[in-house]
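Reviewing the structure listed below.
The values are calculated or read from the model by the stated rules, or taken from the named source; none is laboratory data. Since this is a predicted model, take the numbers as computed values, not measurements. Here the Cβ positions follow ideal geometry from the backbone for every residue, glycine too, while neighbour counts run over all protein chains shown. Side chains included, ligands, DNA and RNA excluded: accessible areas come from the protein's heavy atoms. Shrake-Rupley method; radii C 1.70, N 1.55, O 1.52, S 1.80 Å.
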Amino acid sequence: LAELLTKETQLTRGFDAERAPLCLVIEDLQYIDRDSLGTLMSLTDDLRRGGLVICSAHPDFFNRHEHFAEMGSAEHEHVELTALADDEVRALLKQLVGPCHHGAPELAQHVQEACLGNPGLVHELVRELWAYGALQSATSDEGCEFYGERLPDPASSPRIKVEKDLRASLPGLQLAVLETGAVVGSACWQ
């Protein structure tokens, strides 16, 4: 991560930053190592006008690094986003899948228990539910139908079991790199 941030620092100081605004998004800062945090702080100190850095972290990170939200010469705004309430999760779910004509209470309960109010996880879970066939297009109207019996059983699903075993066997750094790559997407893999 420190190497990636160093490259981003060069971009913010270089020609790209003068041509167009830059936005750097760093999620899950609670997993950042000391060197990468130092590089990030240096980056924000040197940030030129037109640059935006958005960081997210577990509230614990900001408790341990109170100075983080106040660093640099640019303006800072610390925004605390709490988990979505159950009614907000249901509203988000309705936006994503439309009205649920079969199994709506079970769908809402499954999503609330699995995602714990995290909107990003709600989006990801909905994609997985379509892939599993647990969510299907409604036969007569727009919207969906939910079939909880089509959810894979974690104990018997080979894919889930392999992923769980693989994650448990990875050293911490490799796991962090893979999770960061999954969050950031294909732009990170260089």
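For the reader, a short list of remarks on this structure follows.
- Considering the range 130-186, the residues that are among the hydroxyl-bearing types (Ser, Thr, Tyr), at pLDDT 65 or above and more than 17 Å from residue 110 (Cβ to Cβ) include one that is surrounded by the most Cβ atoms within 10 Å (Cβ to Cβ), namely 180.
- Cβ pairs under 6 Å, 6+ apart, first in the range 94-110 and open to solvent by less than 20 Å² (accessible area, probe 1.4 Å) and at pLDDT 90 or above, second part of a helix (DSSP H, G or I) and not aromatic (Phe, Trp, Tyr): 108/90
- Boolean, residue 113 is touching a Gly at 6+ places or on another chain (Cβ under 7 Å), at pLDDT 70 or above and exposed (fewer than 15 other Cβ atoms within 10 Å of the Cβ): no
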